[in-house]
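Take a look at the structure below.
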Amino acid sequence: MRIFSSQLSKSMTMGVPRTLARFKPELNTVYRIFFPQSVQDGEAGIGVVTVASRQLEKDACNTYSYVYGDDDLQITDEEKGLWEDLTPLATMAKMAFTIHEAAYVAEVCNKELELQRVAQETGLDYDPHEFEKARELLDKQYHGSKNAYETVDNRKYPVIRGAKLATFTEIIAIPTNADGIPDYSKAGHYYWPISRQRQEKLNRIYIADSYEAKSAEKPYIETSFKFLGENKAQAGQKAEFGFIPEYLSLEKKNEADWKLYGEPLLEELARGTFEEIAEKIAEKCPMCHNYETLDTIWQCFQKWCANSKTSIAAIAKLNPDMIVKSFDVIMQIPTLKDLPAIKAKVKDIYMENKSDSDPSFDEIEASLKGVKMPVATKTKKEAPKPAKKETVAEKTTTEKAAEKVESSPATAFDSLSTIEHVDKKDVAGPLSKVDPSTLSDDDDLGDI
């Protein structure tokens, strides 16, 4: 899909008013949802916009996302659609990832110490199985569940996530009562991110037995959306879209009400070709615009780091391989200078475990001298790693606990500075043509 946001100038993407809120369905409610629709090469489909962006935590960055323009990216592999992030966010994301992993290690270590303290105070035997259950829960909270059908409560993410493509559409959502009567007073115009599951369910509309080919003549498609369950997670998993044939449409149910309330709502929905629809959605969708400069995001991130010293101190407990891989990034974490003992320990771990092809500490320090914003240092050459040095010193309880923590895959760290599946040569098309691999899971969107 084409990245429409890259066609917008910096002046256009800064300070654009928020006109659309995100759609968050109410539990146990049935909606009529209208999507913008167009036809291309004889194929009808739902209009969407796809942007290259990075999701941020507002508490740490004072904004929810950063949308990339042409000047922010550099192609590294045209065939694979692989682009490199040239902004400071690439390194900041690696900082956030490293701090996130350190926070996980710290929580695991603290949990074992707590269980040992409770056992000592109560006179009961320490139960390693109880610790393992606690560790598994923390692992799911920090890294997600491998079970696609399991929703993890209190899921935690790095405050700056990986750069990726994000796809959005806009909708008119009208809640209905038990008899299917619309409540126009609660109707709204929203933007809605598209997940893999949502795309799959929406694609079924056009192949449903009830689908009418003549509906493609309209600039919108009317669907039902049932959001029913004991909680939002369950309702989201069960939610389905259904095609509404003409004879069941809100227009046919009550033409007078439709003309009075429904038609004015539908006038707000984007219309035209798929490319025109995408551009109109981008104008109104807040996730297609930037509301803070990179300089402001960096200033806010520094303040967040200053309030995260406990997690940053735990970086010294990370797997040595992780420390070697992220050492130049760790050295740029602003709060590290306020933790000289931790900085010295991390330096010692690096010097003890780095390979001959890794840059020296002095080389890294020299490359960062005078740098005001985070930067990527020179890439090291790949070489066999030296054998790990054995130590006879007795390990502390915390170190033993840290050994039980599996480091995140190195590929996750490496991918934080790149965006995949970007092809600016593609023209806009229907939702069904969006590469599912570029879409997030429902859980990651956090809107249902």
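The values are calculated or read from the model by the stated rules, or taken from the named source; none is laboratory data. Just so you know, these numbers come straight off a predicted model, no measurement behind them. So basically every Cβ, Gly included, is an ideal-geometry build from the backbone, and we count neighbours across all protein chains shown. The accessibility values were calculated without ligands, DNA or RNA, using every heavy atom of the protein model including side chains. Shrake-Rupley method; radii C 1.70, N 1.55, O 1.52, S 1.80 Å.
Things worth noting here:
- Backbone geometry of the stretch 292-304 corresponds, through the Karplus equation with coefficients 6.51, -1.76 and 1.60 at θ = phi - 60°, to 3J(HN,Hα) couplings of 9, 7, 4, 5, 5, 4, 5, 4, 5, 5, 4, 5, 5 Hz, x marking Gly and Pro.
- Taking Lys and Arg as +1 and Asp and Glu as -1, the other residues whose beta-carbon sits under 14 Å from that of Phe301 total +2.
- For peptides 118-125, 337-344, 315-322, 357-364, sequence by mean Cβ density within 10 Å, most packed first: 315-322, 357-364, 337-344, 118-125
- Backbone HN-Hα couplings from phi across the stretch 127-138 [Karplus 6.51/-1.76/1.60, Hz, Gly and Pro as x]: 9, x, 5, 5, 5, 5, 5, 5, 5, 5, 5, 5
- Met351 paired with Asp179, simple spin-label distance in nm, labels 7 Å along Cα-to-beta-carbon: 8.1 nm
- Taking amide hydrogens as placed 1.01 Å from N in the peptide plane, the amide H of Thr29 sits under 5 Å from those of Phe227, each at least 5 positions away in sequence or on another chain.
- From phi via Karplus (6.51, -1.76, 1.60), per-residue ³J(HN,Hα) for the stretch 101-107 in Hz, x at Gly/Pro: 5, 5, 5, 5, 4, 4, 5
- Gyration tensor verdict on the stretch 260-299 (Cα atoms; rounded if a/c is under 1.5, prolate if a/b is larger than b/c, oblate otherwise): oblate
- Alpha-carbon centroids, the stretch 47-95 and the stretch 97-144: separation in whole Å: 34 Å
- For Tyr126 and Ala341, the FRET efficiency from 1/(1 + (r/R0)^6), where r spans their Cβ atoms and R0 equals 22 Å, is about 0.15.
- Projected label distance in nm at Thr296 and Leu368, using a 7 Å step from Cα toward the beta-carbon: 2.8 nm
- Segments 34-40, 434-440 sorted - mean Cβ within 10 Å per residue, highest first: 34-40, 434-440
- For the stretch 202-303, convex hull volume per residue from C-alpha positions, Å³: 194 Å³
- Residue ranking by accessible heavy-atom surface, 1.4 Å probe, largest first, among Ser249, Ser224, Ser415 comes out as Ser415, Ser224, Ser249.
- For Glu240, nonlocal amide neighbours, meaning residues 5 or more places apart or on other chains whose placed amide H falls under 5 Å from its own, are Lys226.
- For Asn203, neighbours were defined as the other residues whose beta-carbon sits under 14 Å from its Cβ, and their charges (Lys and Arg +1, Asp and Glu -1) total +1.
- Near Tyr68, once Lys and Arg are set to +1 and Asp and Glu to -1 for all other residues with Cβ below 10 Å from its Cβ, the sum equals -3.
- Average accessible area per residue (Å²) across the stretch 83-182 - probe 1.4 Å, nucleic acids and ligands excluded: 48 Å²
- Per residue value of the accessible surface for the stretch 185-232 (all protein chains in place, 1.4 Å probe), Å²: 51 Å²
- Distances between placed amide hydrogens fall under 5 Å for Gln37 paired with Gly47, Tyr220, Ile221, all partners being 5 or more residues away or on another chain.
- Rel. contact order, % - alpha carbon contacts under 8 angstrom, at least six apart, the stretch 205-287: 24 percent
- Two-site label geometry, Glu251 and Lys214: point separation in nm, points 7 Å out along Cα→Cβ: 1.1 nm
- Taken over the stretch 110-199, the ratio of Cα radius of gyration to 2.2 N^0.38 Å equals 1.85.
- Total lysine pairs whose alpha carbons fall under 28 Å of each other in the stretch 256-344 (8 or more apart, or interchain): 15
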